[in-house]
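Single-structure report; data block below.
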Amino acid sequence: MKTLQLLLLLLLLTASSCWRSNFSEDKPDPIYAQHDTVVYTAKTEAELVKLIEWYNQFLGKETSERSEGYAVYKVGSIVVILTTSASYRQTKEPIFYWRLPNTADIEKDYARVEKISGTTIETILTDISTDANTAGKAIKKYVVIDPCGNKVGVVNNPIYPPTMSPEPEK
């Protein structure tokens, strides 16, 4: 636990100095880069255990790192953090949308995910192909709520299709 606290302190100090150097008045506005981390929260260690069980099924893999109050999954280039840290809990949170290649995959995945114990359906499988921004491409999405109340979205996006890469060798 002390190692985790030291790591978080080092990260905070580094981020603080990066903020000052990257956002001084004489520099242009920042350009956003692709994000690679999503955080889902639980209030207690007992809830975290349930959350880990749910994400093991949702992601189809075990955690790559686990300590008290903290778990990590690596899914391609994305890091998924499950934590009990109060600093991550928000009253309003964005929905992170996991992407799948096509509508058939979305339909199959929806049927699988709705059967995972502890899943609550927020938005049923919805065809959003009629949206003016989709240019007539077939797009479906759904949103579920994990056992601790975090919203998890899944969508196929033919405008920006995901790159399917194999898991790295261990």
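The values are calculated or read from the model by the stated rules, or taken from the named source; none is laboratory data. What you are looking at is a predicted structure, and each value in this text was computed from that prediction instead of being measured. Using ideal geometry, Cβ is built from the backbone for each residue, glycine included, and neighbour counts are taken over all protein chains shown.
In the stretch 39-91, of all residues being outside any loop (DSSP other than H, G, I, E, B) and small (Gly, Ala, Ser), the one that is surrounded by the most Cβ atoms within 10 Å (Cβ to Cβ) corresponds to Ala71. Within the stretch 119-156, if we keep just the residues that are among the polar types (S, T, N, Q) and in a loop (DSSP other than H, G, I, E, B), the residue that is modelled with the highest pLDDT turns out to be Thr119. Output the residue which, of all residues in the stretch 59-113 that are aromatic (Phe, Trp, Tyr) and more than 11 Å from Val154 (Cα to Cα), is nearest to the chain's Cα centre (by Cα). Checking each candidate, the answer is Tyr73.
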